[in-house]
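Peer 1: Shown below is the structure under consideration.
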Number of protein chains: 2
Amino acid sequence: MFKRILLPADGSEGAFKALKLAVELRKVHDAELMILSVFRHHSLREASMSMVRPRDPEHMDDLMKSYAREVAESFKRYALEQECPGVRAFVKSGHTAKTIVEFAEKNDVDLIIVGSHGLGEAEQLLVGSVSQKVVGMAKCPVLVV
Amino acid sequence: MFKRILLPADGSEGAFKALKLAVELRKVHDAELMILSVFRHHSLREASMSMVRPRDPEHMDDLMKSYAREVAESFKRYALEQECPGVRAFVKSGHTAKTIVEFAEKNDVDLIIVGSHGLGEAEQLLVGSVSQKVVGMAKCPVLVV
């Protein structure tokens, strides 16, 4: 019944838990798995960055993009190791939840799987809020793991 | 992979949409389906009821219980019509989200399916908030339809 599953990957433990379930679910439903890693463009982070003052702010975009790509690729590798043929990984920039939901609509995704908890206590609120936003904005079913 | 699916039934359009998906998903996973209709005990509603002043307040519990049972039974009938053998319906009183999550834990449920939207615009906020609470409190995956 599910034909195309989208897994947003943010490198958190919650997202990895979601990946493991996505790989299982994909098998049962013989569905296609798409992995999406979203990074925020530097200008979108200026407000929060202003306190951090990175030494090399002009390269922040490259760094974030490269991290997002690394996460997407490592998730894809795991999926391939778990016999998940045809898995594809994507990297996009933008507001996280909005980008996930728009990507899902454009690609006829019929299930989004998200983790409910993030890396550590400090990040739980943020990651949880992305999941909540995806649940609220998505037009397809969302599985919160 | 999912062996026991719980569907909270509140008579809303969102819950019926969730039921339809639950019935399909149950087939694919050869899972057991449990339907749970939760009603709030009169004392729990006193605050909101104080504005309504029902003519026969001592019978409010019976009315709510009877409505909850009717919803659970109609959901069960639909599931049986869709070839969903062994479906069971339950009625419990208590705080909605808490009762759903506790029931899931006690019964080794491995997936809860909830609707994202309720009956009408006026109820969306409330029903949405129950779904959100279930997502936040549940120890098993929650599918928001």
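Peer 1: Within segment A:73-88, identify whether any single residue is surrounded by fewer than 20 Cβ atoms within 10 Å (Cβ to Cβ), in a strand (DSSP E or B) and either at pLDDT 95 or above or over 19 Å from the mean Cα position of the chain (by Cα) (or both), and answer yes or no.
Peer 2: yes
Peer 1: Somewhere in segment B:15-31, is a residue surrounded by 22 or more Cβ atoms within 10 Å (Cβ to Cβ) and modelled with pLDDT under 95?
Peer 2: yes
Peer 1: In segment A:99-123, how many are modelled with pLDDT under 95 and farther than 17 Å from A:Leu143 by Cα?
Peer 2: Counting residues in segment A:99-123 that are modelled with pLDDT under 95 and farther than 17 Å from A:Leu143 by Cα gives 5.
The values are calculated or read from the model by the stated rules, or taken from the named source; none is laboratory data. Everything numeric in this text was worked out from a predicted model, so none of it was measured. Cβ coordinates were reconstructed from backbone atoms using ideal geometry, including for glycine residues, and neighbour counts include every protein chain displayed.
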